[in-house]
Every structure is written in C-alpha cells, then in structure tokens.
Amino acid sequence: TAGGGFEYIAAASGTGAGLLLDGTTGSWIGADNTGLAWITSDGVLAAGGNLLRVTSSGLNAAGSFLVEIEQTGKVVAATDGICLKISETAAATATSYAVCIASTSNEALHVDTGLSLFDERVTITLADNTGPALAITNPDTTGNTNAATITPSGSGYGLYIAPQEADTAGIGIVAAAASTVPYVKLDGVTGTGYVGAANIGLLHLANDGAFADVAASMLYIGSSGIPQNDSRGH
C-alpha cells in the first residue's frame, strides 16, 4: 500500500520536462469531464492527504511559479476560455473551504490585471488587532476615479456599519493637508433630485437614548481655525 506507481529522478540541474503529455501533435480535443491529465479517486483521503501535491524548497528565481497556467487560444463564447475552474458541491462542514490560501510573508492573492467578479457575498473576518479587514488604496492621485463605488438597489443600505463595542466608531475620516474638497458630500441634486418624505432628511440623525453628558449633542461641529474677513456664518 505504500508503494509508488511512477518515479522520475531528474538529472543534476536538469531543464527538460519530467513528464510531457503532448496534446498538440495529435490534436487532443478532450471530452466532457475528461482531462489530458486525469487524477481520480473515491477513497477517503487521510488527514494531510492530497490528490495533487506540489512542493519546492529551492531558492527560486524571480518570475518562477510552482504552477503556471497559460491560455492563448481564442475564446469561443462568453463563458468559455476558463483557465482554472473549481467546483465544490459537498455540504459545508465546520470551517471547510473550496480554496484555502495560507501566506505568512507575501500577498495571499494578487490580481495583476483584469477585473474580479464575485457573484455572491464576500465576508472578511480577521482576528483582533490584525489590521484593517479591507484596505483600498487608489494610486491615481491626479485622476477622478473612485476608490470604491457602491450601487445598491432595493430598500437596503449601500453601506451598513454596526459597531460591536461602545467605544468603536462607525466611520473615521482623516483630512489631507490644505484640503479644499468636502470629505462627506450628500448630493441631492445629481440624478432625479432628492425629494424626501415626511420626517426624513437628506442627512438623517435619529436617536432615542438618554444623553450621558450635559454637553452631548446629536450633531457636533468644532472648529479652531481662523475664518477670513467677513466670513459670516462660520
């Protein structure tokens, strides 16, 4: 049971392929649920067992990959031309995942070019004090692109924040030096125009709790800057 079926020992500093499956010479076209290289098993994998395992301990040169998939053929239809497809239909058990990536030193996932599309919800959970759950950095400091765009529909919120502790703030914005643009803008003009409703404001502050301090307020505006001459209503 511990015996191997195939073993290839490369020559010292070898550069040739250890296993070549040539689907070009004979024009292999495949069939549904058939692979040019096919690994199949119905046994119960032992803990740590794998159907395919790739390991490397060498000091690899820059630009090298343990696995590289390259597709240069013409895409036949909108849903064709997938380089990698993972289908997992088993019932969820505890913290099982279709894909698990563990990277201790580098980025776990890097998309160099192209868009990323998620058809379902993305949930990000981090341990305490491990940094931001989501960091968005827009390097285009001279353009007019948005760092994040949310286009909701229905009666829900485009962004919903529910702090879990009494001293946790919902949103924090740090102004840039000498900034001249608003940091929060509620635009009721663009589009069809905000029409409102009874007891509803373009900026709506609602509260039914008892204030804990005599100086507490629903809206607090503090400024220590010096206004320009004739700056009325400062």
query: Going by the structure shown, is Ala98 out of contact with any His (no Cβ under 8 Å at 6 or more places or on another chain), within 30 Å of Val122 (Cβ to Cβ) and not acidic (Asp, Glu)?
result: yes
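Considering only the stretch 187-234, state which residues are of a type in the set (A, V, I, L, M, F, W, C), over 30 Å from Ala166 (Cα atoms) and open to solvent by 90 Å² or more (accessible area, probe 1.4 Å). Write out each step before concluding.
Going residue by residue through the stretch 187-234, those that are of a type in the set (A, V, I, L, M, F, W, C) are 189, 195, 197-198, 200, 202-203, 205-206, 210-212, 214-216, 218-219, 221, 226.
Subsequent filtering for residues that are over 30 Å from Ala166 (Cα atoms) retains 189, 195, 197-198, 226.
Val189, Val195, Ile226 - these are the residues of the stretch 187-234 that are of a type in the set (A, V, I, L, M, F, W, C), over 30 Å from Ala166 (Cα atoms) and open to solvent by 90 Å² or more (accessible area, probe 1.4 Å).
Here are some residues: Gly81, Gly49. Which one is within 23 Å of the chain's Cα centre (by Cα) and surrounded by 10 or more Cβ atoms within 10 Å (Cβ to Cβ)?
Selected residue: Gly81, the only one of Gly81, Gly49 that is within 23 Å of the chain's Cα centre (by Cα) and surrounded by 10 or more Cβ atoms within 10 Å (Cβ to Cβ).
Working only within the stretch 73-104, note down all residues that are over 18 Å from Leu134 (Cα atoms) and either in contact (Cβ under 8 Å) with a residue 24 or more places away in the chain or of a type in the set (Gly, Ala, Ser) (or both).
First, pick out the residues of the stretch 73-104 that are over 18 Å from Leu134 (Cα atoms): 73-100.
Answer for the stretch 73-104, where residues must be over 18 Å from Leu134 (Cα atoms) and either in contact (Cβ under 8 Å) with a residue 24 or more places away in the chain or of a type in the set (Gly, Ala, Ser) (or both): Gly73, Ala77, Ala78, Gly81, Ser87, Ala90, Ala91, Ala92, Ala94, Ser96, Ala98.
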field: Conditions (1) open to solvent by less than 70 Å² (accessible area, probe 1.4 Å); (2) among the small types (Gly, Ala, Ser); (3) farther than 30 Å from Thr15 by Cα: number failed by Ala91
entry: (1)
- line: Only one of Thr149, Thr113, Thr137, Thr89 is assigned to a loop (DSSP other than H, G, I, E, B) and at pLDDT below 85, namely Thr137
message: If I filter the stretch 11-32 for residues that are surrounded by 10 or more Cβ atoms within 10 Å (Cβ to Cβ), touching a Gly at 6+ places or on another chain (Cβ under 7 Å) and in a loop (DSSP other than H, G, I, E, B), do I get at least one hit?
response: no
statement: Expected single match for open to solvent by 80 Å² or more (accessible area, probe 1.4 Å), without any contact (Cβ under 8 Å) to a residue 24 or more places away in the chain, over 30 Å from Phe65 (Cα atoms) and not basic (Lys, Arg) among Ala178, Ala148 is Ala178
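Go through Ser57, Ser96, Ser41 for me and flag whichever is modelled with pLDDT of 85 or more, in a loop (DSSP other than H, G, I, E, B) and open to solvent by less than 100 Å² (accessible area, probe 1.4 Å).
Working: Ser57 fails: open to solvent by less than 100 Å² (accessible area, probe 1.4 Å); Ser96 fails: modelled with pLDDT of 85 or more.
After applying the criteria, what remains is Ser41.
The values are calculated or read from the model by the stated rules, or taken from the named source; none is laboratory data. Keep in mind the model is a prediction, meaning the values are calculated, not measured. Quick reminder, even Gly has a Cβ in these numbers, built from the backbone with ideal geometry, and neighbours come from all protein chains shown. In case anyone asks, the SASA skips ligands and DNA or RNA and just uses the protein heavy atoms, side chains included. Shrake-Rupley method; radii C 1.70, N 1.55, O 1.52, S 1.80 Å.
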